[in-house]
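Worksheet: the structure to be examined is printed underneath.
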Amino acid sequence: MRIPARQECYRIMHAMQMMDHIVRHSLQVCRIALFLSDSLKADMDRGLVQAAALLHDITKTRGLQTRENHAETGKQLLVDMGYPEVGAIVGQHVLLDEYFSSDSPTEAEIVNYADKRVVHDKVTTLSQRIEYIMGRYGTEPERRGYIRMMGEKTKRLEDRLFRFCPFSPEEMEFLLGPDTCSMEFTRYGELHNTLKEPLDTHKTCMLENV
């Protein structure tokens, strides 16, 4: 399985010209996803969680103009780059293909849920996140119905995930500790100045240390 390391994820994000606020959001989602993967009493591929969380909105900047389904196009981009496992999770970050498909939590469930705990770049509750999505995107009855359905499924997912955790969803924000996203955003920005070659989708670095 090929998984891009954090530095390579940053390179891909730069190449896709992700807007800064989407980068900050992705860094926060990654912070939560890694915290959960480290806390859950389940077998997790930490590198896979990290890459999928960082890249879950990889085509969203472009999608603001094209109106494309950024979950689907993000998945396809990563599959084409040779990262099918990462792409499969990115394709499910809005709505999982199948809920509770295994006895223990999966990497896709972790990334999907982590995304639902961040509004912009701030950690929030699940209900606040769903309320935000409803206010911003629930402009039509059909859309509101979809968002309500997504919220209900994610609440069931939250209940399932935290059965494997030694703390509650309400306690997670406190237990996360210091927010390191500003530091990571600085590192992300510094990488831009070191890039001398365009992104080569056929020559990417493998995960060695997360």
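Select from region 60-95 the residues that are hydroxyl-bearing (S, T, Y) and either surrounded by fewer than 17 Cβ atoms within 10 Å (Cβ to Cβ) or out of contact with any Pro (no Cβ under 8 Å at 6 or more places or on another chain) (or both) and list them in ascending order. Please lay out each step first, then the result.
Looking only at region 60-95, we keep the residues that are hydroxyl-bearing (S, T, Y), and these are 61, 66, 73, 83.
Answer for region 60-95, where residues must be hydroxyl-bearing (S, T, Y) and either surrounded by fewer than 17 Cβ atoms within 10 Å (Cβ to Cβ) or out of contact with any Pro (no Cβ under 8 Å at 6 or more places or on another chain) (or both): T61, T66, T73.
Of the residues making up region 35-74, those that are in contact (Cβ under 8 Å) with a residue 12 or more places away in the chain and within 21 Å of R163 (Cβ to Cβ) are F35, L36, S37, S39, L40, K41, A42, D43, M44, D45, R46, V49. When R24, R6 are checked against the criterion of being in contact with an Asp or Glu (Cβ under 8 Å, 6 or more places away or on another chain) and of a type in the set (D, E, K, R), a single residue qualifies: R24. Considering each of E140, E173 in turn, give the residue that is under 19 Å from the mean Cα position of the chain (by Cα) and modelled with pLDDT under 95. On inspection, the qualifying residue turns out to be E173. Restricting to region 1-60, count the residues that are more than 15 Å from E184 (Cβ to Cβ), within 9 Å of the chain's Cα centre (by Cα) and not β-branched (V, I, T). Number satisfying all stated conditions: 3. Among the residues of region 135-147, which ones are in a helix (DSSP H, G or I) and either under 18 Å from N112 (Cβ atoms) or among the β-branched types (V, I, T) (or both)? Result: Y137, Y146, I147. Filtering region 98-134 to residues that are surrounded by fewer than 17 Cβ atoms within 10 Å (Cβ to Cβ), of a type outside the set (V, I, T) and either modelled with pLDDT under 90 or in a loop (DSSP other than H, G, I, E, B) (or both) leaves E98, Y99, F100, S101, S102, D103, S104, H120.
The values are calculated or read from the model by the stated rules, or taken from the named source; none is laboratory data. What you see is a predicted model; the values in this text were computed from it and never measured. No Cβ is skipped: glycine too gets one built from the backbone with ideal geometry, and neighbour counts run over all protein chains shown.
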